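Inspection log for the structure reproduced underneath, given as structure tokens.
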Amino acid sequence: MAVQLNISRTPVREALARLEIEGLVKRVPRRGAIVAPVELDEVDEIYELRAALESLVAKRACERASEAEIEEMDAVLRRAQSCLEANDLDGNQRSTVEFHRLLNRASRSPRLIELLRTLEDRLVVFRYRGVRYPGRAASAMRQHWGILEALRRRDAAEMCRWVVEHAEEGRQVAIKTHLEEARSRRLG
């Protein structure tokens, strides 16, 4: 890696050590560092934690988001909706990730945001697969619009309901795609 990146070995070692601490890389004797596989029970736990943390984000954003931030989220969701209608799933995903980033920022909770980022790092593959799962992108858009409308009304309870539904459906899709991939590896 150091040769490919044209840098010394020290920063590569440090980066791999940090990724190992975060659970993203695993060292295997005589093979080196590999991307750590995400186990099914870990997926389940991460989505449960995500629902709890995003509920707290929702409550705080209801109290703290400015009207300008809400309008910015609206613009991002409109872009995501346009991408979805054009069957641009990558564009849709980029916009919905941006929506979550803006929502998190509106909570004014840096430590909470950092915890969520750490969880999301473990789920990046599942999010990529999930948006391509039949019906998931459209369902996620409906949930995002529900979250935004609850935020506009400053209805924290309703917003939390949408956030939990969104995380729970994401969990179910992640589990299905994980099992499908495992089955295809066994058969392939």
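The values are calculated or read from the model by the stated rules, or taken from the named source; none is laboratory data. Remember, it's a predicted structure, so these values are computed and weren't measured experimentally. Quick reminder, even Gly has a Cβ in these numbers, built from the backbone with ideal geometry, and neighbours come from all protein chains shown.
For region 64-99, a residue qualifies if it is without any contact (Cβ under 8 Å) to a residue 24 or more places away in the chain and either closer than 16 Å to A150 by Cβ or not assigned by TED's automatic domain parsing to the domain that holds M159 (or both), and the qualifying residues are E67, E71. Tell me, which residue of region 1-54 that is surrounded by 13 or more Cβ atoms within 10 Å (Cβ to Cβ) and assigned to a loop (DSSP other than H, G, I, E, B) is modelled with the highest pLDDT? The extreme case among them is M1.
Is it the case that some residue within region 120-134 is farther than 27 Å from E85 by Cα and either in the same structural domain as C62 (by TED's automatic domain parsing) or at pLDDT below 90 (or both)? Scanning region 120-134, I find at least one residue that is farther than 27 Å from E85 by Cα and either in the same structural domain as C62 (by TED's automatic domain parsing) or at pLDDT below 90 (or both), so the answer is yes. In region 86-95, the residue that is farthest from A156 (Cα to Cα) out of those that are crowded, with 17+ Cβ neighbours inside 10 Å and at pLDDT 95 or above is N92.
Only one of L84, L77, L115, L119 is under 29 Å from L179 (Cα atoms), over 13 Å from the mean Cα position of the chain (by Cα) and assigned to a helix (DSSP H, G or I); which? Please lay out each step first, then the result.
Values: L77 fails: under 29 Å from L179 (Cα atoms); L115 fails: over 13 Å from the mean Cα position of the chain (by Cα); L119 fails: over 13 Å from the mean Cα position of the chain (by Cα).
When all the criteria are applied, what remains is L84.
Could you grab the pairs with beta carbons closer than 8 Å, sequence gap of 6+ or different chains, first residue in region 153-165 and in a helix (DSSP H, G or I) and modelled with pLDDT under 95, second one buried (at least 17 other Cβ atoms within 10 Å of the Cβ) and not charged (D, E, K, R)? Between residues of region 153-165 that are in a helix (DSSP H, G or I) and modelled with pLDDT under 95 and residues that are buried (at least 17 other Cβ atoms within 10 Å of the Cβ) and not charged (D, E, K, R), there is no close pair.
Residues that are closer than 15 Å to L116 by Cα and small (G, A, S) were ranked within region 55-72; the one that is surrounded by the most Cβ atoms within 10 Å (Cβ to Cβ) is A61. Going through (1) in contact with an Asp or Glu (Cβ under 8 Å, 6 or more places away or on another chain); (2) under 30 Å from S66 (Cβ atoms) one by one, R171 falls short only on (2). The residues of region 166-188 that are at pLDDT 90 or above and of a type in the set (S, T, N, Q) amount to a single one, Q172. Checking each residue of region 138-152 against the condition of being outside any helix (DSSP H, G or I) and either over 28 Å from L19 (Cα atoms) or outside the structural domain of S82 (by TED's automatic domain parsing) (or both) gives no match.
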